[in-house]
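Engineer: Sharing a structure here in structure tokens format.
What follows is calculated from the coordinates using simple rules that are stated; it is not laboratory data. These figures come from a predicted structure and were not determined experimentally. Every residue, glycine among them, receives a Cβ derived from its backbone with ideal geometry; neighbour counts consider all protein chains shown.
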Amino acid sequence: MIIRETGNLKYFTFNSFPQNELFHGIFTRRGGVSPSSFSSLNVGETAGDTRENVTENRRRIFEVFNQMPESIYDVWQIHSSNVVYAPCPRGLENEHFRGDAIITDARDVTLFMQYADCVPILIYDPSKKAIALIHAGWQGTVKRVVQNTVKYLIEHFSSDPKELIAGIGPSIGPDHYEIKTDVVMEVQKQLSEFHDEIIGYTNGKTYFNLWRANELLLKQSGVEKIEIAEICTACNLDDWFSYRLEGKKSGRFGVVFGLHKEN
């Protein structure tokens, strides 16, 4: 990944995504206006930050790419496998659809999602000029949300998985993501073929490797070009929000993804 800075904002981009065709950024928690535990580029309202702070933080992010906030398409993230198609901007006053993956081929749409340990996954089809943004926590991972997204691209855009480019962004790493018996059972039930590669045991504790799980799911769907950030949010609290370490008062960091307008 490439570290970029615009003013006080710091964000990351994937090396494998063509910058002349699309724009994207995985933004750290730096450079915003939110106080205390939300410091400072918090983009989520659910933990108690004010709407005014969140709106200003999102505006700053969109300004990096010269995008208007009105171009946003975001969803009500519910840890599901639901895929939502975005033919046009959501409309700031319109209700959010529920889902954890958004796909668009519209050049006036800026996809947006928020994270705090869950895995951001970005997919680009350079042939069909379509993009997808995915939110995959442990529930979305075992529900195979990333595979549902690839399936949607195949069925609705005639995408060839071998041509897709995927990026797996910063999230809680396998060294910090300790899980209990209920999650282990779900992994065994839903991802049994990958169990030995994604579940680890250290000092009597059980850990889930979300990076590897989603990489294997992408490969099983036929995707070959995959870039993995391997940046743990819990290990780097100066840059990232981490729900696991910071609890219910944790902020959320933002990810934007869009296609450049044609000249």
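Engineer: Read phi for every residue in region 116-132 and hand back ³J(HN,Hα) as whole Hz from Karplus 6.51 cos²θ - 1.76 cosθ + 1.60, θ = phi - 60°, with x for Gly and Pro.
Structural biologist: Ordered by residue, 3J(HN,Hα) equals 7, 3, 5, 8, x, 10, 10, 10, 10, 9, x, 7, 8, 6, 10, 10, 9 Hz.
Engineer: Using Cα springs under 10 Å in a Gaussian network model of the chain, which residue among Trp76, Trp138, Trp240 shows the largest mean-square fluctuation?
Structural biologist: Trp76
Engineer: Also, quick follow-up: Could you tell me what a quarter of the Cα convex hull surface of the chain works out to, in nm² with one decimal place? Before the final figure, lay out the partial values.
Structural biologist: Working: hull surface 53.3 nm².
Hull-based average projected area comes out at 13.3 nm².
Engineer: Under 16 Å from a point placed 7 Å out from the Cα of Ser36 along the Cα-to-Cβ direction: which residues of region 217-252 have their backbone N that close?
Structural biologist: Residues passing the 16 Å test: 246-252.
Engineer: Further question: Within region 124-167, find all residues whose amide N lies under 12 Å from a label point positioned 7 Å from the Cα of His260 along Cα-to-beta-carbon.
Structural biologist: none
Engineer: Let me ask something else. Considering only DSSP beta bridges whose two residues both sit in the chain, what percent are antiparallel, to the nearest 5?
Structural biologist: Working: 39 of 50 bridges.
If we restrict to bridges inside the chain, about 80 percent are antiparallel.
Engineer: What percent of all Cα-Cα pairs in region 190-263 falls into each 5 Å bin, going from 0 up to the bin containing the maximum distance?
Structural biologist: Pairs per bin, as whole percents: 3, 11, 15, 17, 19, 17, 11, 4, 2, 1, 0, 0.
Engineer: Still on this structure, please answer the following. Using a Förster radius of 35 Å, what is the FRET efficiency between Asn20 and Asp175 based on their Cβ-Cβ separation? Nearest 0.05, please.
Structural biologist: Working: r = 36 Å, r/R0 = 1.03.
Plugging the Cβ-Cβ distance into 1/(1 + (r/R0)^6) gives 0.45.
Engineer: Taking the chain as a Gaussian network, Cα atoms linked when under 10 Å apart, which of Glu93, Glu56, Glu197 shows the biggest mean-square fluctuation?
Structural biologist: Highest fluctuation among the options: Glu93.
Engineer: Which pairs, out of Lys162/Lys205; Lys129/Lys219; Lys129/Lys189; Lys151/Lys261; Lys10/Lys248, put more than 30 Å between their alpha-carbon atoms? Mind showing how you got there, number by number?
Structural biologist: Values: Lys162/Lys205 37 Å; Lys129/Lys219 21 Å; Lys129/Lys189 35 Å; Lys151/Lys261 26 Å; Lys10/Lys248 24 Å.
In this structure, Lys162/Lys205; Lys129/Lys189 lie more than 30 Å apart at Cα.
Engineer: In region 164-185, whose amide N lies under 17 Å from the spot 7 Å out along Cα-to-Cβ of Lys205? List them in ranges.
Structural biologist: From region 164-185, the list is 172-184.
Engineer: Another question, if that's okay. Out of Gln188, Gln114, Gln147, any idea which swings most in a Gaussian network model of the chain, alpha carbons joined below 10 Å?
Structural biologist: Checking each option, the largest mean-square fluctuation is seen for Gln188.
Engineer: Can you classify region 84-150 as rounded, prolate or oblate using the Cα gyration tensor, where a ≥ b ≥ c are the square roots of its eigenvalues, rounded means a/c under 1.5, and otherwise it's prolate if a/b beats b/c and oblate if not? Walk me through the intermediate numbers first.
Structural biologist: On the way: a/c = 2.01, a/b = 1.23, b/c = 1.63.
Since a/c reaches 1.5 but b/c is at least a/b, the shape of region 84-150 is classed as oblate.
Engineer: Something else: Determine, from the Cβ-Cβ distance of Glu45 and Asp182 and an R0 of 22 Å, the FRET efficiency 1/(1 + (r/R0)^6), rounded to the nearest 0.05. List each step's numbers first, then the result.
Structural biologist: Values: r = 29 Å, r/R0 = 1.31.
Working from the Cβ atoms, E equals 0.15.
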